[in-house]
Amino acid sequence: MGAHEEHHILSYGKLAAVLAGLLALTLVTIGVSYVDLGFWNVPVALTIASTKVTLVLLFFMHLKYEGKAITWSFIATIFFLAIMITFTFWDVAFR
Amino acid sequence: MSTRVDSTGIKLGMWIFLYSEIILFGGLFVLYAIYFYDYAGYFAEGGKELSRFFGSLNTIVLLISSFTVAASITAIQQGKKKMSIGLLIFSICCGCIFLVNKYFEWGAKFHHDIYPNSERLVNGEPGINIFFGLYYVITGLHGLHVIIGMTLLSISLVLVIRDKITQERFAMLDNSGLYWHLVDLIWIFVFPLFYLVL
């Protein structure tokens with residue numbers, strides 16, 4: 001990264017498209033919550049939430065346009081978060 | 001002598017702080033997951049007591065404010081100061097709307113005798129008590145983050161007005177924006193886990 005690093009400028013149009021996607025997914029998650037999917041209730045809700053979060057991270061937080069340091073440190077954080085959640089859960093589920 | 005601004009370093013510092021926030025809320029979500037495993041039925045029952053209307057409204061308000069914050073950064077990068085100021089004021093107003101909604105929501109719960117250590121929760125089912133305990137801790141901590149986010153956005157707003165944040169140097173606004181988006185991220189998980197559980 002040189003002294004003159006270029007800042008990526010996101011256009012209003014692109015940001016608005018992301019917002020539209022987020023609002024649409026919000027409606028989907030509310031709609032789905034009225035349908036009892038049994039075991040799949042929580043996985044479906046979390047998948048939609050994760051998709052929304054990914055959109056926010058990639059575009060609003062411009063993670064898509066960051067360098068390696070931020071990208072990989074972020075991935076490492078999510079990796080450790082996943083370890084924290086799954087290992088704790090396994091402990092409780094198979095005790 | 002010229003001072004060189006390391007904008008990547010500034011941003012990386014902010015991200016490292018955000019990682020600690022992710023782990024902080026992650027810990028609370030682990031707690032939620034474990035108790036949900038034990039008391040799924042009661043969590044669904046508790047979730048039905050929460051207002052879907054306020055939950056959905058607040059989700060939409062936060063998503064829109066996240067968009068306007070991102071747009072205000074685009075505006076400042078293009079040198080449109082007035083546009084950036086307008087978008088920031090709008091975002092801060094969204095934060096206020098969120099908190100006012102939260103006030104009414106919590107107020108209604110208090111009215112129904114649902115608050116930490118209330119008679120109804122203490123003498124009722126432990127599952128319900130735990131659900132509302134988590135609800136108050138997580139939404140409370142999130143609300144605190146909304147207030148901090150609004151403070152950061154307000155400081156950025158003043159700095160934009162005073163020309164301290166400009167087209168060339170906008171790291172402060174950028175980082176305040178990142179914080180605001182984090183607040184939004186957490187809410188995206190809070191909303192289905194508390195308001196929409198079946």
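Angle check, please: helix A:12-33 long axis (alpha carbons) against the longest principal axis of chain A (alpha carbons), in degrees 0 to 90, nearest 10.
0 degrees
Using the Karplus curve 6.51 cos²θ - 1.76 cosθ + 1.60 with θ = phi - 60°, what ³J(HN,Hα) values do you get for each residue of the stretch B:24-37, in whole Hz, with x for Gly and Pro?
Computed from phi, the couplings for the stretch B:24-37 are 4, 6, x, x, 5, 5, 4, 4, 4, 4, 5, 6, 5, 4 Hz.
Apply the a/c threshold of 1.5 to the C-alpha gyration tensor of the stretch A:12-61 and tell me whether it is rounded, prolate or oblate.
Oblate, since a/c reaches 1.5 and b/c is not below a/b.
For the stretch B:153-198, what ratio Rg/Rh do Cα atoms give with a Kirkwood hydrodynamic radius?
Computed over Cα atoms, the ratio is 1.27.
What does the convex hull of the alpha-carbon atoms of chain B project to on average, in nm²?
Over all viewing directions, chain B projects a mean Cα-hull area of 12.1 nm².
Quantify how much of the Cα-Cα distance distribution of the protein assembly as shown extends past 25 Å, in percent.
Cα-Cα pairs of the protein assembly as shown separated by over 25 Å account for 50 percent.
Return the carbon/sulfur percentage of the accessible area of the stretch A:12-61, one whole number, probe 1.4 Å, all protein chains in place.
Carbon and sulfur: 81 percent of the exposed surface of the stretch A:12-61.
Let me know the mean shielding of B:170-178 by other chains, meaning the per-residue number of their Cβ atoms within 10 Å of its Cβ.
Mean inter-chain Cβ contacts per residue within 10 Å come to 1.
Express in whole angstrom the spacing between the alpha-carbon centres of the stretch A:3-71 and the stretch B:156-186.
For the stretch A:3-71 versus the stretch B:156-186, the Cα centre distance is 21 Å.
Accessible area per residue of the stretch B:48-107 at 1.4 Å probe, in Å²?
It amounts to 41 Å² per residue over the stretch B:48-107.
Convert 10 °C to kelvin, take the viscosity as 1.306 mPa s, use the Kirkwood radius over C-alpha pairs of the stretch B:90-198 as Rh, and evaluate the Stokes-Einstein diffusion coefficient in µm²/s, rounded to a whole number.
My calculation gives 100 µm²/s for D.
Can you tell me the Rg and Dmax of chain A, counting just the alpha carbons, in angstroms?
Rg then Dmax for chain A, in Å: 17.7, 56.
Say the cut-off is 25 Å between C-alpha atoms; which of A:14/B:11; A:52/B:81; B:81/B:102; B:80/B:102; A:14/B:102; A:64/B:164 go over it?
Where the Cα-Cα span goes over 25 Å, the pairs concerned are A:52/B:81; B:81/B:102; B:80/B:102; A:14/B:102; A:64/B:164.
Partner chain Cβ atoms within 10 Å, averaged over the residues of A:50-61 - can you pull that number for me?
5
With every protein chain present, what is the per residue accessible area of the stretch B:114-198 (1.4 Å probe, Å²)?
38 Å²
Which peptide among B:111-118, A:16-23, B:66-73 comes first, and what is the full order, when sorted by highest mean count of other Cβ atoms within 10 Å?
Descending packing order for the listed peptides: B:66-73, A:16-23, B:111-118.
Tell me: how much accessible area in total is hidden between A and B, 1.4 Å probe, Å², nearest 100?
4300 Å²
The values are calculated or read from the model by the stated rules, or taken from the named source; none is laboratory data. The structure displayed is predicted, hence computed values, not measured ones. Quick reminder, even Gly has a Cβ in these numbers, built from the backbone with ideal geometry, and neighbours come from all protein chains shown. Each accessible area value is taken on the protein alone, full model and side chains, heavy atoms only, with ligands, DNA and RNA left out. Shrake-Rupley method; radii C 1.70, N 1.55, O 1.52, S 1.80 Å.
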